[in-house]
Amino acid sequence: MRSQVFSHDGTCVFEGVWTAITAAKSFNTNLLNIPKDATHWVRYTTGATAALVIGETVHGNTSAATAVLVAQAVEVGTAGSSDTGIVFLRALTGTWVAETLHADGSGGTVAIAQAPIALINCSPHPKTLVVAAEVADINVTISGLTATTTAGTNHGITITNGQSEAYRGINNIRYFQAINAVASNGALMKYRLYY
């Protein structure tokens, strides 16, 4: 029997970036509880034309590979309108490449920069979150309190540009909120979720 050794903080499963954090923002529920039917995931950009519909078959415009859409975690924007995020898939066929994913039913499209990644066998809930601020400062809360700008009610701890911070425990991650410290300062927040 082969033993598996891992950090008590978990194994990194998802990484991403939030932009335009002009309102307090939290993690999508599909990242806090990985959909049980999903076998693969992939980051996407430039969602367009229409929102994808859960349960529909999607195909690669270049490879003609297919999969069934299990869930979607929109991270920036609104589904079907220049959004970015993560799609969860199952029943993959063919050889995927960096390409546009197209859904025949809804007509929605998203661009993926690589082939879908197999989900590892892990807890469906994250154990640890690591965030880093880039370009400008962000304010962060983890108690359920709404994060606000410094000029507003100034709720949250400021993570300055170039600084990173780790949060442990599903409830701290579930209640995590971030906002740009100064309205429309262009802050980016990069993250890693460990399960």
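How high is the relative contact order of the range 40-118? Use alpha-carbon pairs under 8 Å, at least six apart in sequence, and give a whole percent.
Details: 228 pairs, mean separation 33.7, N = 79.
Computed over the range 40-118, the figure is 43 percent.
For Lys25, list the aspartates and glutamates whose Cα falls under 20 Å from its own Cα; do not include residues on the same chain fewer than 8 positions away.
Partners within reach: Glu15, Glu75, Asp83, Glu134, Asp137, Glu165.
Using only helices, what value at 222 nm comes out for the chain when you add -39,500 (n - 2.57) per DSSP H run of length 4 or more and divide by the total residues, to the nearest 500 deg cm²/dmol? Write down the numbers at each step before the final one.
On the way: 2 runs with 9 residues, N = 195.
Theoretical 222 nm ellipticity from helices: -1000 deg cm²/dmol.
Let me know the shape class of the range 1-139, please: from the alpha-carbon gyration tensor, a ≥ b ≥ c as square roots of the eigenvalues, rounded when a/c is under 1.5, otherwise prolate if a/b is greater than b/c, or oblate.
Working: a/c = 1.98, a/b = 1.14, b/c = 1.74.
Oblate.
We did not get these values from a lab; they are worked out from the coordinates using the rules stated. No experiment lies behind these values; they were computed from the predicted model shown.
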